[in-house]
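Q: Could you have a look at this structure, given as structure tokens, before my questions?
We did not get these values from a lab; they are worked out from the coordinates using the rules stated. Keep in mind it's a predicted model, so treat the numbers as computed, not measured. All Cβ positions, even for glycine, are placed from backbone atoms using ideal geometry, and neighbour counts span all protein chains on display.
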Amino acid sequence: MMNITISEQEGKLVASLVGDLDNAASTQAERSLAPVFERTDCDIVIDCTELNYISSSGLRILLNIYKHTRSNGNKAILKGLTEDVKQVFQLSGFLQLFITE
């Protein structure tokens, strides 16, 4: 089960991911994250504090967010990575793309 909330904090758009971003949840997650792709004027923070698991389809969604923000001259920031999720980002090379907090 995946839950995504989007809010604005300190001039940044924050997408909070809760649960498992696996293959089954990826289609719904893409729909829930659509507002992120409508914004071209701010940095995007992906709050992973409560993200338990991410699959390759979840990584693809986050890669698309990264590409979108970079193409608009903004930053994509990962926040609150747990050790398990951080390891997936490290093994996939994604930690080198994103700014982490």
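Q: I need the calculated FRET efficiency for the pair C42 and T82, taking r as the beta carbon distance and R₀ as 22 Å, to the nearest 0.05.
A: E between C42 and T82, to the nearest 0.05, is 0.30.
Q: Follow-up. How many percent of DSSP beta bridges within region 1-96 run antiparallel, rounded to 5?
A: In region 1-96, DSSP labels about 40 percent of beta bridges as antiparallel.
Q: Okay, next question. How long, wide and thick is the chain, going by the Cα atoms along their three principal axes, in whole angstroms, largest first?
A: 30, 26, 21
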